[in-house]
Number of protein chains: 2
Amino acid sequence: MSENAGRWLRDEIENSILSNEFSPGERLDEMVLATRFGVSRTPVREALMQLDAIGLIEIRPRRGAIVIDPGPHRVYEMFEVMAELEGLAGSLAARRLDKASREAIAATHSRCEQSAAAGDSDAYYYDNEEFHKAIYAAGRSEFLEEQCLQLHRRLRPYRRLQLRVRNRLSTSFSEHCAIVDAIFAGDGDEARRLLRTHVGIQGERFSDLVASMAAR
Amino acid sequence: MSENAGRWLRDEIENSILSNEFSPGERLDEMVLATRFGVSRTPVREALMQLDAIGLIEIRPRRGAIVIDPGPHRVYEMFEVMAELEGLAGSLAARRLDKASREAIAATHSRCEQSAAAGDSDAYYYDNEEFHKAIYAAGRSEFLEEQCLQLHRRLRPYRRLQLRVRNRLSTSFSEHCAIVDAIFAGDGDEARRLLRTHVGIQGERFSDLVASMAAR
DNA sequence: GTCAACAATCGTGTATACAAGAATTGCGCT
DNA sequence: AGCGCAATTCTTGTATACACGATTGTTGAC
């Protein structure tokens, strides 16, 4: 447990929400959470306030906290913003690429190649995440990196769903290749464009996501 | 006072920070805030946790909360992201513009024209804000709109500083004109491009900002 | 039988008390 | 006199108690 019960609880509850242990719309009872995690209501409340500020739950005055249910349309909007931010990160990365970032991108990219070749979608899910994080970091904008990481966390479950779609794994990897090429070539505009379409969920990719969401 | 002391305090303290009543780096003593606002420490702590989640303050475990000091470089990074988000909002607005949004943009735009003509930089500051908010709303993406509003709030003090720079007021308004034209013409790419450069603080605009920040 | 009003219960919002870790100050030592 | 260590004090972190509003269940009337 972290040195601070409030922070620890925030992460704990956040993970429970993102891993769908608490269903969207579910009411989070402070007392239940408190006994479950073996603390008093005070740190639980602090954790809930933070999750509310992040946007994962909604606290209705005097009526408790409920897990926010981002419907397909809202998830689409979130991916739309994510695509924009990643595009910016990519374009900055292409312009500012240094040796360390280049190696980080190359390393995570080759790990993606391996898990894609093995058809291991769980491994690819993880490696893909590291690949994108490497790009965020390569942009050399701390604020942008933080924003990307935060939004990435919220979209993580849906990114995972997406990978289960047929052929998505190999398609994703070939898109990665083009992205890496553009960044390494210093072509910021191209990197931006490629990342936007890679991350965005236009057309059938959106239908796939909706289908996956409905399937749960 | 809002029905909820925690929310109320959050807004209250947030305003105090943004209006520079609490200086960056300053330590926020829970007991002092509690007595000042006539409440106990509990709601104060809840407000502080939320401000920490938003990124306005930093709570160091067992060492209290301090107001975050975004140096010029970080402010630049924040404007960079803001420019990207506003660009997206503008491009969506151009594509999805409906009657109500069109009227809202036209109305706020003409109010900007009046205050710009009058050389009233305080009035322009307010009208300009409404103009940009009209564009966020016209994008018809609730999530994007929320993100834009949140970042806008954090950058508000700096936007104000910028307007004090010589000629900035009329330059800003003529940029607005071009933006409105692009959006009304349905030219999403152009609206995006114009908004990016309008909001971003490249080159001398950045130096101006740094100078203004240092002047305080 | 259904609807409405009232009462009881449950859960949140706030205050206060207590515990534990940092900061600070004073004392002793070199 | 300066530095280091220790004790005290101050502040944060957590628990608990109390108050108020919301929800729900029951009873009575139409």
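Of all residues in the stretch B:63-89, which are among the basic types (Lys, Arg) and within 8 Å of another protein chain (Cβ to nearest Cβ)?
Answer for the stretch B:63-89, where residues must be among the basic types (Lys, Arg) and within 8 Å of another protein chain (Cβ to nearest Cβ): just B:ARG74.
Spot the failing condition for A:ARG60; the list is (1) in contact with a strand residue (DSSP E or B) (Cβ under 8 Å, 6 or more places away or on another chain); (2) in the same structural domain as A:ASP189 (by TED's automatic domain parsing), and only one is missed.
Failed condition: (2).
On the given criteria, is A:SER101 within 21 Å of the chain's Cα centre (by Cα), farther than 28 Å from A:SER19 by Cβ, of a type in the set (S, T, N, Q) and surrounded by fewer than 17 Cβ atoms within 10 Å (Cβ to Cβ)?
Here the answer is no, as A:SER101 does not meet what is asked.
Given B:ARG140, B:ARG196, B:ARG192, B:ARG153, which one is on the phi > 0 side of the Ramachandran plot and within 14 Å of another protein chain (Cβ to nearest Cβ)? Spell out the reasoning first.
Values: B:ARG196 fails: on the phi > 0 side of the Ramachandran plot; B:ARG192 fails: on the phi > 0 side of the Ramachandran plot; B:ARG153 fails: on the phi > 0 side of the Ramachandran plot.
Testing whether each residue is on the phi > 0 side of the Ramachandran plot and within 14 Å of another protein chain (Cβ to nearest Cβ) leaves just B:ARG140.
In the stretch A:50-62, which residues are surrounded by fewer than 19 Cβ atoms within 10 Å (Cβ to Cβ) and more than 9 Å from chain B (Cβ to nearest Cβ)?
Across the stretch A:50-62, the qualifying residues are A:GLU58, A:ARG60.
Can you tell which of A:PHE79, A:PHE37 is crowded, with 16+ Cβ neighbours inside 10 Å and closer than 30 Å to A:PHE184 by Cβ?
Just a single option satisfies the conditions, and that option is A:PHE79.
Could you tell me which residue of the stretch B:8-42 is farthest from DNA strand C (Cβ to nearest atom), considering only residues that are within 22 Å of A:GLU58 (Cβ to Cβ) and within 26 Å of the chain's Cα centre (by Cα)? So that I can check it myself, show each step before the final result.
Taking the stretch B:8-42 as the starting set, the residues that turn out to be within 22 Å of A:GLU58 (Cβ to Cβ) are B:8-14, B:42.
Still in the list and also within 26 Å of the chain's Cα centre (by Cα): B:8-14.
On the way: B:TRP8: 7, B:LEU9: 8, B:ARG10: 11, B:ASP11: 13, B:GLU12: 13, B:ILE13: 14, B:GLU14: 16 Å.
The qualifying residue farthest from DNA strand C (Cβ to nearest atom) is B:GLU14.
How about the stretch B:141-203: which helices (runs of 4 or more DSSP H) wholly inside it have at least 3 residues that are touching an Asp or Glu at 6+ places or on another chain (Cβ under 9 Å) and under 14 Å from B:GLU84 (Cβ atoms)?
Qualifying helices (runs of 4 or more DSSP H): B:142-163, B:188-199.
What is the number of the single condition among (1) loosely packed, with under 14 Cβ neighbours inside 10 Å; (2) closer than 30 Å to B:GLU190 by Cβ; (3) in contact (Cβ under 8 Å) with a residue 24 or more places away in the chain; (4) not aromatic (Phe, Trp, Tyr) that B:GLY87 does not meet?
(1)
Pull up the stretch B:29-48, narrow it to residues that are away from chain A (no Cβ under 14 Å) and of a type outside the set (D, E, K, R), then point me to the one that is farthest from DNA strand D (Cβ to nearest atom).
B:GLY38
Only residues in the stretch A:30-45 that are free of Cβ contacts under 8 Å to residues at least 60 places away in the same chain count as the first member; pair them with residues that are more than 9 Å from DNA strand D (Cβ to nearest atom) and not hydroxyl-bearing (Ser, Thr, Tyr), Cβ under 6 angstrom, at least 6 apart or cross-chain, and list the lot.
Pairs that qualify, where the first residue is free of Cβ contacts under 8 Å to residues at least 60 places away in the same chain and the partner is more than 9 Å from DNA strand D (Cβ to nearest atom) and not hydroxyl-bearing (Ser, Thr, Tyr), are A:ARG41/A:GLU30; A:VAL44/A:GLU30; A:VAL44/A:LEU33.
Within the stretch B:86-105, does at least one residue satisfy the condition of being within 30 Å of B:GLY25 (Cα to Cα), modelled with pLDDT of 95 or more and not assigned by TED's automatic domain parsing to the domain that holds B:ILE54?
Checking the stretch B:86-105: at least one residue is within 30 Å of B:GLY25 (Cα to Cα), modelled with pLDDT of 95 or more and not assigned by TED's automatic domain parsing to the domain that holds B:ILE54.
Please identify the pairs in which a residue from the stretch A:167-188 that is in the same structural domain as A:GLY119 (by TED's automatic domain parsing) and more than 25 Å from A:ASP208 (Cβ to Cβ) has its Cβ atom under 8 Å from the Cβ atom of a residue that is in a helix (DSSP H, G or I) and of a type in the set (Ser, Thr, Tyr), counting only partners at least 6 apart or on another chain.
A:GLY188/A:SER91
The values are calculated or read from the model by the stated rules, or taken from the named source; none is laboratory data. Note that the coordinates shown come from a computational prediction; the quantities given were computed from them, not determined experimentally. Counting neighbours? That spans all protein chains shown, and the Cβs are built from the backbone with ideal geometry, glycine included.
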